[in-house]
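Okay, structure first, notes after.
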Amino acid sequence: MEQQNHPTTHFWREISVIFIARLWLSAGSRIVYPFLGPLSNGLGLSVEQTGALVTLRTLAGFAAPVLAPLSDTYGRRRIMAITLTIGAVTFAMLALLPHPWVAAIAFLGLGLALTAFGPAMYAYIGDRVPYAKRGTITGLNELSWALAWLIGVPMSTWLITRYSWRAPWLVLAALTVGGAVLVQRLPPPAKHASDAHAPQAFNGRALLALWRSLWRLPTVRWLFLGAFFLSAAIETPFIVYGVWLQNLHTISLATLGFASTFFGIAEGAAEIASALFTDRVGKIRSVILGLLLLVGAFLALPTVAGRSLTAAVFILSLALFGFEFGIVSLLPVASEVVPTQRAAVVGLIGMGLQMGRTMGGFLGSWLWQWEQFTIHMSAATVFAISSLFCIWRIRHAVHHWEHDEAQS
């Protein structure tokens, strides 16, 4: 394994470039939720049909066994640049060719880009940052996900109201292409531990052997299931939260966009909290704390949501805080379970997240036919408790090898 250095000035420059590029890619993924209505109108579909179409993006997570190891073979930087370019193309397709079949291909392509980008990015961080400090760097880097909401939603609100529903997608396409160019040119390639062990991409026999060896590890299996249930828990209600809030409190699109900025603030706060506390409190303990907060918010939401828009947004923000704090604390663990196969393990966990999103997205869209958000909350609570059980099962194993890591 290469010797990991403490973050330097060059490292912060590299991370900043990746941070900005990821922000625009993430924004294109995130603005779907509050603006599902305008997107549905643009495509000529119902909310339920468009919600199901959007979840095709998450089906690409099933390609993680093939896509995740790509950066082990071809390099982290190259894969990040390619996937950013693919993401930009999908945004342009949505804006310029608003047909349901084209949108289906675009969302599937975006899902493939996200599936390959994440493992390459987290493996890059794992190659460069010692495990003891990785929670801090991961938390800071994950701020791009929160800013994608805080910047993307207000920007999209302004563009839609001033121009049309197509405008945000065209702007994000241009910005994401710029990010791809910067990622390819600025950060130097990071050496990584798995060069000698990486299977050649699309070598079926080698990839099958790799995934069999990883799946035999109980810690990897429980991490996968924990990620699956955690993602399903948040996706089931959030696929329709915009429509639900508009129906519950009769608010305009502009008001919905403004209210949604608080979700970005909650996520940003969770990522800052993870950067400050995950390494100190312990990564598994932090995941458990996040899950407990998520369960509490789900249980409280049906009771308080009808009182006011402020109360509904506050509880939803707490739920997002718990989810984000938990998942950001989980990622450093995934990047160190098998150091020689960082991208592969992170990709497997990413596949669990994508599978959870797929099930939660389809389930949430299907449940909306009754227009009873309490049903969504009940399903989400069951998923969150299931995730908590999975993470609880691996706490001793992770604490054991964390102790060994600290000793060495």
From 306, 264, 290, 268, which residue is more than 21 Å from residue 228 (Cα to Cα) and surrounded by 21 or more Cβ atoms within 10 Å (Cβ to Cβ)? 264
If you go through segment 374-384 one residue at a time, how many are aliphatic (A, V, I, L, M) and more than 20 Å from the chain's Cα centre (by Cα)? 4
Of residues in segment 11-22 being surrounded by fewer than 23 Cβ atoms within 10 Å (Cβ to Cβ) and in contact with a Ser or Thr (Cβ under 8 Å, 6 or more places away or on another chain), the one nearest to residue 93 (Cα to Cα): 20
Conditions first: (1) over 20 Å from residue 62 (Cβ atoms); (2) open to solvent by 40 Å² or more (accessible area, probe 1.4 Å). Residue 362 passes all but one, so which condition is the exception? (1)
Give segment 108-130 a look and list any residue that's open to solvent by 10 Å² or more (accessible area, probe 1.4 Å), farther than 18 Å from residue 348 by Cβ and out of contact with any His (no Cβ under 8 Å at 6 or more places or on another chain), or say none. 108, 109, 128
Output for segment 226-278, where each listed residue is assigned to a loop (DSSP other than H, G, I, E, B) and aliphatic (A, V, I, L, M): 239, 240, 251
Would you pick out the residues in segment 50-59 that are part of a helix (DSSP H, G or I) and either β-branched (Val, Ile, Thr) or more than 19 Å from residue 238 (Cα to Cα) (or both)? 50, 54, 58
Considering only segment 14-49, state which residues are more than 15 Å from residue 235 (Cα to Cα) and free of Cβ contacts under 8 Å to residues at least 60 places away in the same chain. 16, 40, 44, 45, 46, 49
Those residues that are open to solvent by less than 40 Å² (accessible area, probe 1.4 Å) and either part of a loop (DSSP other than H, G, I, E, B) or of a type in the set (D, E, K, R) (or both), I need them from segment 73-97; list them, please. 75, 76
Is there a residue being surrounded by fewer than 21 Cβ atoms within 10 Å (Cβ to Cβ) and either touching a residue at least 12 places away in the same chain (Cβ under 8 Å) or more than 23 Å from residue 141 (Cβ to Cβ) (or both) anywhere in segment 233-240? no
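The values are calculated or read from the model by the stated rules, or taken from the named source; none is laboratory data. Quick caveat, the model's predicted, so the values are computed rather than measured. Every residue, glycine among them, receives a Cβ derived from its backbone with ideal geometry; neighbour counts consider all protein chains shown. Accessible surface areas use protein heavy atoms only, side chains included; no ligands, DNA or RNA. Shrake-Rupley method; radii C 1.70, N 1.55, O 1.52, S 1.80 Å.
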